[in-house]
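Participant: My structure is below; once you've seen it, I'll send some questions.
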Amino acid sequence: MPQVGLVYSDRFLEHRPSYHHPENPARLEAIVRRLKESGLWNQTIHLDFEEATEEVIALVHGKGHIESVRNACKAGGGVLDYGDTYACEKSFDVAKLAVGGVIRAIDAVCEGAIQSAFCLVRPPGHHAMPNRAMGFCIFNNVAIGAKYLIEKKGLQKVGIVDFDVHHGNGTQAIFYDNPSVLYVSIHQYPHYPGTGSKEEKGIGAGTGFTFNFPMEPNSSEDEWLRVFREGILPCVEAFKPEFLLVSAGFDAHALDPLSEQNMTKKGYHEVAKLLKSVCQKACLGPVFVLEGGYNLDALAQSVETTIFALM
């Protein structure tokens, strides 16, 4: 049986809003409960990890952004970005821990201790810009992981597949001029944050290393899977990454309150199998990193079937 790593800490529950917010600790609590009920919790390799250093976070984020988050949390928290991204007193340390979990999963795969991993981390990351929190995201976990692979591990080509229903504008912006990182996203469009058209393909040396697959509202699961097979996988295979990271948002599920798509747990199982197959052929990974997903039952079942597919 393939060795699948799991990144989780109860400390991720300490990032909590002071008002009603869809991104809250109940998301992880539902996932953990489901994994324990199904037995998968004990079939994965639980990785020990620590908070990422600020040096690692600074691979992507400016010192001003890091300081502003630290200071906001020292002051007790508050709103970081136009009302949709919050912080509490402990959010700075929890956000560093999320990055640290992703880095640990990457190291474990590179060392051969595991073949793939799922990082049950929060806050999510793919909207976070180099100098700005955005869209529930404080630090861009996946982008930092990709930079770490290139600058600290010496890799030359890293692939990122993002299937959150919202376009990962932060990740795209960070690597938009970088030919070492392939960014491929499938998402509802038009939808928050308004980016992710087919015409967005990179700039300068990065031209041709960004691929967006915008989906119209009410797209079917069959259409999503067709795009994966005929669009996304060929992009990844042509790029030939040495390592594959996945921004795994489950808010394209038919029951999710923040989207108008029709994915199910069966579809997410197939997506995980497809991405795993790419890595079995040619590269390390995949390392899945949790992004969105706001119907608790749909989220928990989708994560469960994704991990099952990796195993």
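Each reported figure results from applying straightforward, stated rules to the coordinates on display, with no laboratory input. From a predicted model like this one, the values you see are computed outputs, not experimental measurements. Quick reminder, even Gly has a Cβ in these numbers, built from the backbone with ideal geometry, and neighbours come from all protein chains shown.
Participant: Checking the cross-link filter: which aspartates and glutamates have an alpha carbon closer than 16 Å to that of LYS153, excluding same-chain neighbours under 8 positions apart?
Facilitator: GLU55, ASP107, GLU111, GLU242
Participant: How big is the charge dipole of the chain about its Cα centre, in debye rounded to the nearest 20, if each Lys and Arg gets +1 on its Cβ and each Asp and Glu gets -1 on its Cβ?
Facilitator: Details: 28 positive and 37 negative charges, 102 e Å.
Dipole magnitude for the chain comes out near 480 debye.
Participant: Do any of LYS36/LYS157; LYS90/LYS273; LYS63/LYS201; LYS74/LYS265; LYS152/LYS266 go past 30 Å between their Cα atoms, and which?
Facilitator: Details: LYS36/LYS157 36 Å; LYS90/LYS273 36 Å; LYS63/LYS201 28 Å; LYS74/LYS265 40 Å; LYS152/LYS266 37 Å.
Violating the 30 Å Cα-Cα cut-off are LYS36/LYS157; LYS90/LYS273; LYS74/LYS265; LYS152/LYS266.
Participant: For region 48-87 and region 198-244, what is the separation of their Cα centres, given in Å?
Facilitator: Answer, in whole Å: 30.
Participant: From the square roots a ≥ b ≥ c of the eigenvalues of the alpha-carbon gyration tensor of the chain, which class results: rounded (a/c under 1.5), prolate (a/b over b/c), or oblate?
Facilitator: Working: a/c = 1.18, a/b = 1.12, b/c = 1.06.
Cα axes put the chain in the rounded bin.
Participant: Let me ask something else. Add -39500 (n - 2.57) for each DSSP H run of 4 or more in the chain, then divide by its residues: what number comes out at 222 nm, to the nearest 500 deg cm²/dmol?
Facilitator: On the way: 10 runs with 114 residues, N = 311.
My calculation for the chain gives -11000 deg cm²/dmol from helical runs alone.
Participant: To continue, here is another question. Can you tally the net charge around GLU216? Count Lys and Arg as +1, Asp and Glu as -1, for every other residue whose Cβ sits under 11 Å from the Cβ of GLU216. Can you show the working numbers first?
Facilitator: Values: positive: none; negative: GLU223, GLU260.
Neighbourhood net charge equals -2.
Participant: With charges set only on the Cβ (+1 for Lys and Arg, -1 for Asp and Glu), what does the dipole of region 116-200 come to about its Cα centre, in debye to the nearest 20?
Facilitator: On the way: 7 positive and 6 negative charges, 60 e Å.
Rounded to the nearest 20 debye, it is 300 debye.
Participant: Determine the sum of side-chain charges near ASP256: Lys and Arg each +1, Asp and Glu each -1, restricted to other residues whose C-beta is under 11 angstrom from that of ASP256. Could the numbers behind the result be given before it?
Facilitator: Details: positive: none; negative: ASP164, ASP251, GLU260, ASP297.
Surrounding charge for ASP256 is -4.
Participant: Here is a further query. What are the semi-axes of the equivalent ellipsoid of region 225-311, taken as the square roots of 5 times the eigenvalues of the Cα gyration tensor, listed largest first and rounded to whole Å? Don't skip to the end; give the middle numbers.
Facilitator: On the way: eigenvalues 107, 36, 23 Å².
Over the Cα atoms of region 225-311, the semi-axes work out to 23, 13, 11 Å.
Participant: Which of the helices in the chain meet the span-like rule: DSSP H, Cα axial reach of 20 Å or more, Kyte-Doolittle mean at least 0.5? Provide the component values of the computation, followed by the final result.
Facilitator: Numbers: long enough: 91-111 (30 Å, 1.03); 265-282 (26 Å, -0.56); 296-310 (21 Å, 1.04).
Sorted by number, the helices that extend far enough and score high enough are 91-111, 296-310.
Participant: Continuing with this model, one more query. Under a Cβ-Cβ cut-off of 13 Å, what is the net charge of the residues other than ASP48 that fall near it, where Lys and Arg count +1 and Asp and Glu count -1? Don't skip to the end; give the middle numbers.
Facilitator: Details: positive: ARG11, ARG104; negative: GLU50, GLU51, ASP107.
Taking every other residue near ASP48 into account, the sum is -1.
Participant: Considering only DSSP beta bridges whose two residues both sit in region 4-310, what percent are antiparallel, to the nearest 5? It would help to have the intermediate numbers written out before the result.
Facilitator: Numbers: 6 of 37 bridges.
Bridges in region 4-310 are about 15 percent antiparallel.
Participant: Principal axis extents for region 84-159, Cα atoms only, whole Å, descending order, please.
Facilitator: In descending order, the Cα extents are 37, 22, 16 Å.
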